[in-house]
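What follows is a single structure, written as structure tokens, with notes after it.
The values are calculated or read from the model by the stated rules, or taken from the named source; none is laboratory data. All values reported here derive from a predicted model rather than from experimental measurement. Quick reminder, even Gly has a Cβ in these numbers, built from the backbone with ideal geometry, and neighbours come from all protein chains shown.
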Amino acid sequence: MARVPFENVQDEAATGAGDAAIDAAARFADDSTAAPAALAPGHDPSCQRRDRGPFVLPASLTVSIVTHHPDLALLERCLRRLAVAIGAARECGALRSVAVALIDNSEDRAVADTVNQVGQASLRDSGATLTLVQGHANIGYGAANNLMLHGTGADYQLVLNPDIELAPDAIANVIQWLDTRPEIGAVAAAITAADGTPLFLCRRYPAVLDLALRGFAPHFVRSLFRRRLARYELRDRIDPANAEPALEIPLMSGACMFVRRKAIDATGGFDPDFFLYFEDYDWSVRLGRVTKTAYLPAMRAVHHGGGASRKGLRHIGWFARSAIRFYGKHGWRWL
């Protein structure tokens with residue numbers, strides 16, 4: 001697949017650690033077609049829709065971003081990176097229309113108003129339609145995303161955490177690739193930490209032991225189970241240095257999921273009974289029953305988040321309750 005060469009597109013408003021992280025992420029992808037740094041989107045002669053076929057129309061996209069008392073600096077960087085990726089996809093003819101929904105679960109009008117202001121400023125020149133959804137209770141991550149998953153009619157839905165920064169070519173690459181693979185219904189991105197370290201967020205179906213080790217065990221204990229955890233994290237199938245997609249991904253991270261409309265309609269989106277944690281694993285299992293899934297290295301992103309064990313006892317409680325519900329729904333596996 002010919003990649004869209006936007007690695008060097010610069011977002012002047014999103015500098016610093018975010019730029020360094022995107023540059024670091026690029027080391028794990030094939031940058032052989034990278035355009036000169038001075039080349040603006042739309043002026044690269046290699047930016048053609050040759051992978052899309054002569055009769056493929058530009059796609060429509062809905063983006064849902066759920067916030068809850070967000071880090072406003074990270075949210076702004078997320079949205080400005082999103083705006084750059086939207087512009088790149090438009091320039092390549094991959095994308096026709098975009099609707100972005102900021103769904104604020106903060107239960108605080110002042111917070112919601114600030115989120116809206118950041119959204120308006122960050123997406124002003126992107127051509128996207130921005131909607132703020134607020135005034136409801138804190139209904140949880142999955143249920144909040146469902147407010148935009150249903151009834152939009154868009155060809156694709158991007159579920160995006162407010163602490164995710166997309167690479168400039170991420171949206172263009174995933175749409176162009178999906179145009180050639182109609183059997184694929186959901187795609188997971190290649191995600192790194194802010195320092196460029198690959199994050200293995202695609203997983204196999206977990207045993208309870210895997211969750212305990214991965215989430216709560218100290219480092220020296222995890223080191224004793226390196227091979228087991230590597231298999232759980234699909235390291236035998238996903239190599240950050242390999243630009244080839246991996247198919248049939250059992251579990252995907254809800255931090256950054258790109259899903260076809262027909263797959264959403266067939267599964268109903270997230271199960272709203274998961275307040276936080278495991279809603280993405282549950283949806284992944286159900287998506288795998290109706291469509292094929294994939295990990296796409298050409299869809300790159302940086303994640304600034306952390307695990308439940310680093311967020312306090314309340315998050316550990318949510319994690320445990322959601323894990324019990326997940327296993328009760330799909331089957332227990334202890335070891």
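For (1) over 25 Å from Asp163 (Cα atoms); (2) free of Cβ contacts under 8 Å to residues at least 12 places away in the same chain; (3) surrounded by fewer than 16 Cβ atoms within 10 Å (Cβ to Cβ); (4) among the small types (Gly, Ala, Ser), each residue gets a yes or a no:
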| position | (1), (2), (3), (4) |
| --- | --- |
| Arg203 | no, no, no, no |
| Asp210 | yes, no, no, no |
| Arg214 | no, no, no, no |
| Pro218 | yes, yes, yes, no |
| Arg222 | yes, yes, yes, no |
| Arg226 | yes, yes, yes, no |
| Tyr232 | no, no, no, no |
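Considering the stretch 37-76 alone, what residues qualify as being at pLDDT 95 or above and touching a Lys or Arg at 6+ places or on another chain (Cβ under 7 Å)?
Of everything in the stretch 37-76, just one residue is at pLDDT 95 or above and touching a Lys or Arg at 6+ places or on another chain (Cβ under 7 Å), namely Ser60.
Residue-wise test of (1) under 18 Å from Cys256 (Cα atoms); (2) aliphatic (A, V, I, L, M).
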residue	(1), (2)
Gln120	no, no
Leu123	no, yes
Thr152	no, no
Glu165	yes, no
Arg181	no, no
Ala186	yes, yes
